[in-house]
Amino acid sequence: MNDNRTIRIMVFEPGQAPYTAMLEDSLEHRQELVGGDIECIPLPCETVLCCNATGKLAGLPKNRQYGPDTIWGTFFLYGDTSEGRGVSLTEEQIAYFRDYFTEPRPSAVTFEVQSAKDMEEFLRLLFGNRKGGGSK
């Protein structure tokens, strides 16, 4: 990363459509954009995802799904070279990633646990109270 060099990135903020912006390519500016220490994840198409390394623990809002994982807080994408140098995204990379990330979805199913003292109560909890014997 060189001082005073800007690159075109794609920014994903929670609840917002992605947009492109110019970023001064420095560690400090990357950290400022994501709100803390950064984690960089290589993506397809010679692209890197840069996010807050402790977004969930820091209580940042859910942003997007990436495979089975949820990304918390603002993140951005930038282009990468074989030397690992950050570069501006191309139009093709921007087009590819515009719809790549899905909106957040629950990562766990929740349910209520109940216990029964006997078989009769178990059946009542399982099927509910069925009075009248007829079908509805």
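The values are calculated or read from the model by the stated rules, or taken from the named source; none is laboratory data. All values derive from a computational prediction rather than experimental measurement. Here Cβ is always computed from backbone atoms with ideal geometry, including for glycine, and neighbour counts include all displayed protein chains.
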### Message
Residue pairs, Cβ under 8 Å, 6 or more apart or interchain, first in the range 82-100 and within 17 Å of Pro42 (Cβ to Cβ) and assigned to a helix (DSSP H, G or I), second among the basic types (Lys, Arg) and at pLDDT 85 or above. List them.
### Response
none
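Do we have Phe76 as assigned to a helix (DSSP H, G or I), among the hydrophobic types (A, V, I, L, M, F, W, C) and in contact (Cβ under 8 Å) with a residue 12 or more places away in the chain here? Quick ask: steps written out before the conclusion?
Numbers: assigned to a helix (DSSP H, G or I): no; among the hydrophobic types (A, V, I, L, M, F, W, C): yes; in contact (Cβ under 8 Å) with a residue 12 or more places away in the chain: yes.
So Phe76 fails the test.
For every residue, the table says whether it meets (1) surrounded by 15 or more Cβ atoms within 10 Å (Cβ to Cβ); (2) of a type outside the set (Gly, Ala, Ser); (3) in contact with a helix residue (DSSP H, G or I) (Cβ under 8 Å, 6 or more places away or on another chain); (4) not in a loop (DSSP other than H, G, I, E, B).
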site	(1), (2), (3), (4)
Pro14	yes, yes, no, no
Met22	no, yes, no, yes
Arg30	yes, yes, no, yes
Gly36	yes, no, no, no
Glu39	yes, yes, no, yes
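Residue-by-condition table, conditions (1) acidic (Asp, Glu); (2) at pLDDT below 95; (3) touching a Phe, Trp or Tyr at 6+ places or on another chain (Cβ under 8 Å):
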{"site": "Asn52", "(1), (2), (3)": "no, no, yes"}
{"site": "Ala58", "(1), (2), (3)": "no, yes, yes"}
{"site": "Lys62", "(1), (2), (3)": "no, yes, yes"}
{"site": "Tyr66", "(1), (2), (3)": "no, yes, yes"}
{"site": "Thr70", "(1), (2), (3)": "no, yes, no"}
{"site": "Thr74", "(1), (2), (3)": "no, no, yes"}
{"site": "Leu77", "(1), (2), (3)": "no, no, yes"}
{"site": "Arg85", "(1), (2), (3)": "no, yes, no"}
{"site": "Ala95", "(1), (2), (3)": "no, yes, no"}
### Task
Hey, can you tell me all the residues within the range 97-124 that are surrounded by 12 or more Cβ atoms within 10 Å (Cβ to Cβ) and either farther than 30 Å from Lys56 by Cα or at pLDDT 80 or above (or both)?
Phe97, Arg98, Tyr100, Ala116, Glu121, Phe122, Leu123, Arg124
### Message
Can you tell me how many residues within the range 42-87 are under 14 Å from Ile7 (Cα atoms) and touching a helix residue (DSSP H, G or I) at 6+ places or on another chain (Cβ under 7 Å)?
### Response
5
### Task
For the range 55-76, indicate whether the set of residues that are loosely packed, with under 15 Cβ neighbours inside 10 Å and hydrophobic (A, V, I, L, M, F, W, C) is non-empty.
yes
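Quick one: which residue in Glu39, Glu46 is under 16 Å from the mean Cα position of the chain (by Cα), under 15 Å from Tyr78 (Cα atoms) and acidic (Asp, Glu)? Before you say what the answer is, go through the steps one by one.
On the way: Glu46 fails: under 16 Å from the mean Cα position of the chain (by Cα).
Exactly one of Glu39, Glu46 is under 16 Å from the mean Cα position of the chain (by Cα), under 15 Å from Tyr78 (Cα atoms) and acidic (Asp, Glu), namely Glu39.
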